[in-house]
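Notes for the one structure printed next.
The values are calculated or read from the model by the stated rules, or taken from the named source; none is laboratory data. These numbers were taken from a predicted model, which means no experiment stands behind them. Cβ coordinates were reconstructed from backbone atoms using ideal geometry, including for glycine residues, and neighbour counts include every protein chain displayed.
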């Protein structure tokens, strides 16, 4: 009986950790041009939309018109739409927003296949290098630069373990010997 209760407790703890990790992603990921999002309202199929965010960062949502979502988290968009629909259109709307496709990050320099690649939450530079075919023989693992989206003029020194965000640019420099 004790083993059974311990197993149930462990399973519950596992599911709680999964939901808190996804909640963290939902609270921290900032939407931007190039993201493809889906918005659903429970029980209201006609309010479901799937859209690619353009450079303007706005979407046209039923009843609410044009909404600017660039610079907001997924959770903030959910709350904004809930508040907009509440009262005038629906009594207690349940809004769900998810990112279907993240915008790309970019990697160049001493990698085998430089270019833009799809971002995945929690990605590190090491994983980005793997997507780009690995490092060349001349790559300097200790000389990696990271340029954050929106602040391309500010170079950050990074390592293979550094986190990458959507829209970031990674440069792997060449070593001399």
Item to complete: Could you tell me which residue of the stretch 152-164 is nearest to residue 124 (Cα to Cα), considering only residues that are assigned to a loop (DSSP other than H, G, I, E, B) and either in contact (Cβ under 8 Å) with a residue 60 or more places away in the chain or out of contact with any helix residue (DSSP H, G or I) (no Cβ under 6 Å at 6 or more places or on another chain) (or both)?
Response: 161
Discussion item. Can you tell me which condition residue 149 does not meet? The list is (1) in contact with a helix residue (DSSP H, G or I) (Cβ under 8 Å, 6 or more places away or on another chain); (2) under 29 Å from residue 38 (Cβ atoms); (3) outside the structural domain of residue 52 (by TED's automatic domain parsing), and all the others hold.
Written reply: (1)
Worksheet item: When the stretch 78-124 is examined, which residues are found to be more than 26 Å from residue 174 (Cα to Cα) and assigned to a strand (DSSP E or B)?
Response: 86, 90, 95, 96, 97, 98, 99, 100, 101
Worksheet, complete the sentence: By residue number, the members of the stretch 59-77 that are free of Cβ contacts under 8 Å to residues at least 24 places away in the same chain, surrounded by 15 or more Cβ atoms within 10 Å (Cβ to Cβ) and either under 18 Å from the mean Cα position of the chain (by Cα) or outside any loop (DSSP other than H, G, I, E, B) (or both) are 59, 61, 67, 76
Worksheet item: Only one residue in 130, 158 is in contact with a strand residue (DSSP E or B) (Cβ under 6 Å, 6 or more places away or on another chain) and either farther than 21 Å from residue 37 by Cα or in the same structural domain as residue 31 (by TED's automatic domain parsing) (or both), so which one is that?
Response: 158
Worksheet item: If you check residue 106 against the conditions, is it in contact with a strand residue (DSSP E or B) (Cβ under 6 Å, 6 or more places away or on another chain) and closer than 18 Å to residue 33 by Cβ?
Response: yes
Worksheet item: Among the listed residues 53, 5, which satisfies the condition of being over 23 Å from the mean Cα position of the chain (by Cα) and either within 28 Å of residue 168 (Cα to Cα) or at pLDDT below 95 (or both)?
Response: 5
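Looking for whichever is closer than 24 Å to residue 28 by Cα and modelled with pLDDT under 95 here; the options are 65, 87, 167, 116. Which one fits?
Details: 65 fails: closer than 24 Å to residue 28 by Cα; 87 fails: closer than 24 Å to residue 28 by Cα; 116 fails: modelled with pLDDT under 95.
Unique residue meeting the criteria: 167.
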